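Okay, structure first, notes after.
Just so it is clear, none of the values below were taken in a lab; they were calculated from the coordinates. All of these numbers come straight from a predicted model, not from anything done at the bench. As a convention, Cβ positions derive from the backbone with ideal geometry for all residues, glycine included, and neighbour counts pool all protein chains shown.
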2 protein chains.
Amino acid sequence: MLPLMPVTMMDIAKDLKVSVVTVSKVLRNQGRISDATRKRVLSHAKKLNYQMNWVARSLVTRRTYTIGLLLPEFAHPFFAEIARAVANSVRPHGYHVVIASFEEDPDLEASEVDSLLARQVDGLIIASAQASRHVEMFKRVAARKIPYVLIDRPISGLRACFVGADNRAIGRMATAHLIARGCRCIAHLRGPQVGIAAERLEGYRGALRNAGLRYDSRYVVDAGHTDATGYEGMRKLLHLKPLPDGVFCYNDPVAISAMRAIREAGLQLPRDIAVVGAGNVHYNDALSVPLTSVDQGTCKIGTLAAELLLARVSSDRGLRPKRILIPPKLVERESTRR
Amino acid sequence: MLPLMPVTMMDIAKDLKVSVVTVSKVLRNQGRISDATRKRVLSHAKKLNYQMNWVARSLVTRRTYTIGLLLPEFAHPFFAEIARAVANSVRPHGYHVVIASFEEDPDLEASEVDSLLARQVDGLIIASAQASRHVEMFKRVAARKIPYVLIDRPISGLRACFVGADNRAIGRMATAHLIARGCRCIAHLRGPQVGIAAERLEGYRGALRNAGLRYDSRYVVDAGHTDATGYEGMRKLLHLKPLPDGVFCYNDPVAISAMRAIREAGLQLPRDIAVVGAGNVHYNDALSVPLTSVDQGTCKIGTLAAELLLARVSSDRGLRPKRILIPPKLVERESTRR
DNA sequence: TCTTCAAGGGTTAACGATTAATCAAATGCA
DNA sequence: TGCATTTGATTAATCGTTAACCCTTGAAGA
């Protein structure tokens, strides 16, 4: 017969005619308790199927063993992967993850941060939309002494922990790879974001410069970040006079639709045009022409962010902000093999 | 100057020389409070940047406004989409979501359920691995009067709420569509799971029967659920004497790798063999031959599960279990257009 | 014999809110 | 004026655990 109300320490204590504190001590393995009572308590707790009430414990210890994970959206494979990595990294330490997404809405982001703080999370991991007023918001978080780690999108003007991809390196690596495969006229389908896309573009320009190739702005086209706009972007590139022989695409979805545009134009892939994406999504292998892509170490971002955060959570003295850039890794497939 | 310790109702009360209860009442908009004090409290709360301590409130109200979402893994786009739908559905009601994944490990699943209960979640949404001992586990949950909703994978022998795809209908619809497109020898790349895959197979057989076509077990091959095994499965089918002219694939990743195998065999798609997948993942449009797929209404599963759960959470009388099957929808693309 | 100390517990008071019961002052009505 | 009623706020109890201290008892050492 299981009771309707959850079993409390009080119930165990009453049955065993000991004090609640004794039960608490046994369950925490703390304080001096004889082996006899320890065993009695333990066995009776198991018998009653006792489950700690974490709400009550948290109230007095001021630790919820909960961290907040705030993402722009988590249907996106990139963020889903991060969520997974974070959850798996903190679980062994007894932490749980409260997720929240703000659907790219900065106001919602701010309000969710407050909600998570109200729920007394021990720490926060945030992939923030970079609105200027957010600096204030983060200062509020810091004032409450709640450690937080930014991921993916850094925020300028904020001395905070950050873990993200090395976007310059990604651009450099992708472009250098095309050059190494013999491309001499390399286009770039860039993304819309200010920060990340700009850095990848910089990497692209850097690689061109290093190879002594000329940068021509006509070969850089904004591709949005949806499949449709990537397709359109590629079609624009196909109108250019010296046809590009290589394209570095801001991300994999764009690269995939770019490849479609290339094929439809009657061109051979990768012979006529080689394509590199970024993100290394898991279905790249299954494409008709498997896509070479720069892996941005998504899983590592989640794992490192979690570890960084837990370190701050358990240390009571404020460690100084740490910035980690994950070095990218090129995964070569058919789309550049020539 | 923001204080280091979080502001409590006590702080507000002291400053204003009123009782904590008065503050509490104002903040909850409950009880009789004069307009004058109400305004004083409200403005001072805002000035001190007061944030409700939900842990303390939860302890006394026995409501955490938190639900647990337990998934096999959430990097998978299907589950990621569900997580998103759930979180977005419960947010307007003031709920947050604690996610946990058990990485397809039944033991971990059971222990996570207990952890979530210990954290006093108000309800649970679970896509369970169907181990037999889990029936006991769910009885424990029910004994604690915590409402829960199963999704995606029903558990036999359990009178519980369930929301999932109508797998029989999926199989029937996909197969019927191939028949309507003129296929007469239809193969099936089936999945490994007992429940879901078996139902889709049943639907497949049902559609054949309805059309007066013969069922031949040689044309049903297990495809695992990874891309690699799907590829192998299709190659087996290509060895059969009357070559199949249509394939219903258990899910989209399998379908994609099957298409690759077909192309590599020098066959035309969809002229020689038409392919239908299931799941309707978002990149289907970007493939070289866009994939016809049966949409299983993933988003709806999450939304309905959330609504169902919240209804049980707020009603104190035990509503009786409800089972919802989402009717599938066929999304036709090139892979069957002939 | 007296002190000291450790072992094995128990007591009391938080933690930050809510709920129920209570109370004083102001108001209504005859 | 006098009594009942409403209004507005207070006090006490509680939620389930933990932190900090205090109290026995028995044995060892002086």
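Helix A:167-180 and the longest principal axis of the C-alpha atoms of chain A enclose an angle of approximately 40°.
Listed values for the range B:312-329 are Karplus-derived 3J(HN,Hα) couplings in whole Hz (6.51 cos²θ - 1.76 cosθ + 1.60, θ = phi - 60°), namely 6, 5, 7, 7, 7, 8, x, 6, 8, x, 10, 10, 10, 10, 7, x, x, 9, and x replaces Gly and Pro.
Of the residues B:S43, B:L16, B:I33, the one whose Cα sits farthest towards the positive end of the charge dipole of the range B:9-52 is B:I33 (charges of +1 on Lys and Arg Cβ, -1 on Asp and Glu Cβ, taken about the Cα centre). With each label modelled as a point 7 angstrom along the Cα→C-beta vector, the A:A131-B:D272 pair spans 5.6 nm. Estimated from the Cβ-Cβ distance and a Förster radius of 25 angstrom, the FRET efficiency linking B:Q193 and B:L243 is about 0.35. What is the range A:9-52 by shape, rounded, prolate or oblate, if you read a ≥ b ≥ c off the alpha carbon gyration tensor as root eigenvalues and call it rounded for a/c under 1.5, prolate for a/b larger than b/c, and oblate otherwise? Rounded is the answer for the range A:9-52, as its axis ratio a/c remains below 1.5. Taking trypsin sites (Lys or Arg not before Pro) across the range B:232-328, the ones in a DSSP loop with at most 11 further Cβ atoms lying within 10 angstrom of their Cβ are B:R271, B:R317.
When A:V163, A:V21, A:V247 are arranged by Cβ crowding within 10 Å, least crowded first, meaning fewest neighbours, the order is A:V21, A:V163, A:V247.
For the range B:90-153, the set of trypsin sites (Lys or Arg not before Pro) satisfying both a DSSP loop assignment and a count of at most 13 other C-beta atoms within 10 Å is given as B:R133, B:K145. Across the copies of the chain, B:R144 has label points (7 Å from Cα along Cα→Cβ) spaced 2.5 nm apart, shortest distance listed first. The angle separating the long axis of helix B:35-48 from the principal Cα axis of greatest extent in chain B is about 60 degrees.
Peptide A:84-91: average number of partner chain Cβ atoms within 10 Å per residue?
Details: counts 10, 1, 1, 8, 4, 0, 0, 8.
Mean number of neighbouring Cβ atoms from other chains: 4.
Between B:I273 and B:Q268, the built amide H atoms are under 5 Å apart, and every one of these is 5 or more places off in sequence or on another chain. Between B:R235 and A:D105, the modelled label-to-label distance comes to 5.0 nm, taking each label 7 Å out from Cα in the direction of the beta carbon.
Charging the Cβ of each Asp and Glu at -1 and of each Lys and Arg at +1, and nothing else, the dipole of the range A:1-117 about its Cα centre rounds to 1700 debye. Between B:L124 and B:G68, B:Y148, B:V149, the built amide H atoms are under 5 Å apart, and every one of these is 5 or more places off in sequence or on another chain.
Placing a label point 7 Å from Cα along the Cα-to-Cβ axis, A:H239 is separated from the same position in the other copies by 5.2 nm, shortest listed first. A straight Cα-to-Cα reach below 19 Å connects B:K25 with the aspartates and glutamates B:D11, B:D15, B:D35, residues fewer than 8 places away in its own chain not being considered. Near the amide H of A:V220, within less than 5 Å, lie the amide hydrogens of A:H188, all on another chain or at least 5 residues away, with H placed in the peptide plane.
Please identify every one of the GluC sites (Glu not before Pro) in the range A:240-338 that sits in a loop by DSSP and has no more than 15 other beta carbons within 10 Å of its own beta carbon.
Details: sites: A:E264, A:E307, A:E332, A:E334; in loops: A:E332.
Sites meeting the loop and neighbour criteria: A:E332.
Among the residues of A:50-61, the average count of other protein chain beta-carbon atoms within 10 Å of the residue beta-carbon is 6.
Grab the beta carbon distance between A:S156 and B:R214, set R0 = 60 Å, and tell me the FRET efficiency rounded to 0.05. Numbers along the way, then the final one.
On the way: r = 68 Å, r/R0 = 1.13.
That pair, A:S156 with B:R214, gives E of 0.35.
What the phi angles of the range B:127-132 give under the Karplus curve with 6.51, -1.76 and 1.60, with θ = phi - 60°, is a coupling list of 9, 7, 6, 8, 7, 5 Hz, glycine and proline written as x. For chain A, the longest principal axis of the alpha carbon atoms and the long axis of helix A:134-143 meet at an angle near 30°. With a simple spin-label model that places each label point 7 Å from the Cα along the Cα-to-Cβ direction, the separation between B:S43 and B:R144 comes to 4.6 nm. Counting only Cβ charges, +1 for Lys and Arg and -1 for Asp and Glu, the dipole size of the range A:9-52 around its Cα centre is about 120 debye. A simple rule links phi to the HN-Hα coupling: the Karplus curve 6.51 cos²θ - 1.76 cosθ + 1.60 with θ = phi - 60°, which for the range B:259-269 gives 4, 4, 4, 5, 4, 5, 7, x, 9, 8, 10 Hz, with x for Gly and Pro.
Taking every residue in A:136-147 and counting other chain Cβ atoms within 10 Å of its Cβ, the average works out to 2. Among B:C299, B:C249, the order by Cβ neighbours within 10 angstrom, fewest to most, reads B:C299, B:C249. Could you tell me the relative contact order of chain A? Use alpha-carbon pairs under 8 Å, at least six residues apart, and round to a whole percent. The value is 16 percent. Charging the Cβ of each Asp and Glu at -1 and of each Lys and Arg at +1, and nothing else, the dipole of the range B:177-309 about its Cα centre rounds to 540 debye. B:V194 label point (Cα plus 7 Å toward Cβ) to equivalent points in the other copies: 5.5 nm, shortest first. The ranking of B:D272, B:D295 from fewest to most other beta carbons within 10 Å of each one's beta carbon is B:D272, B:D295.
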